[in-house]
Amino acid sequence: MTDKLKSYIGLAQRAGCVLYGEDIICEKKKQAKVVLLSADASDKYKERMLTKLSDRPVYVVDGLCEALHRDGVSAVAVSNDGLANAIISLLR
């Protein structure tokens with residue numbers, strides 16, 4: 001994970017624009033502008049999330065827990081348009 005991506009995630013956290021975990025992300029699906037899945041998550045989990053969020057941009061990234069400074073987080077969604085667009089353009 002690049003330093004720029006870490007800084008975008010940190011900004012989103014400080015702005016309160018991050019949704020954590022599968023249940024909340026799927027419940028507030030319309031708010032999720034981009035979804036980041038941890039590369040450490042199981043393949044079954046990744047497939048399930050990709051299926052549920054087929055209409056949203058989903059990326060698998062390394063070091064997600066490290067960037068979030070939280071353990072055990074397998075998925076996050078960013079709900080801020082500007083930050084989501086910056087993350088998408090960085091990961092393309």
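Quick notes on this one:
- Members of LYS4/LYS30; LYS6/LYS52; LYS4/LYS33; LYS4/LYS44 lying beyond 20 Å, as alpha-carbon distances in this model show: LYS4/LYS30; LYS6/LYS52; LYS4/LYS44
- Neighbourhood net charge (13 Å Cβ-Cβ; Lys/Arg +1, Asp/Glu -1) for GLY10: +2
- GLN31 versus ASN85: modelled label distance in nm, points set 7 Å from Cα along the beta carbon direction: 2.1
- Given charges at beta-carbon only (K, R positive; D, E negative), |dipole| of the chain in Debye: 320
- Backbone HN-Hα couplings from phi across the range 76-92 [Karplus 6.51/-1.76/1.60, Hz, Gly and Pro as x]: 9, 10, 9, 9, 7, 4, x, 5, 4, 5, 5, 5, 4, 5, 6, 8, 6
- Here the relative contact order of the chain, from alpha carbon pairs under 8 Å that lie six or more residues apart, stands at 43 percent.
- Taking Cβ atoms as reference points and 12 Å as the exclusive limit, the residues near SER54 contribute a net charge of +2, counting Lys and Arg as +1 and Asp and Glu as -1.
- Long-range amide H partners of VAL60 with built H, under 5 Å: LEU37
- Taking each residue as 0.36 nm, the span from CYS65 to LEU50 lengthens on full extension beyond its C-alpha to C-alpha distance by 3.5 nm.
Readers should treat all values here as calculations from the given coordinates under stated rules, not as data from a laboratory. As the structure is a prediction and not an experimental result, all values here were calculated from the model. Neighbour counts run over all protein chains shown; Cβ positions are idealised from the backbone, glycine included.
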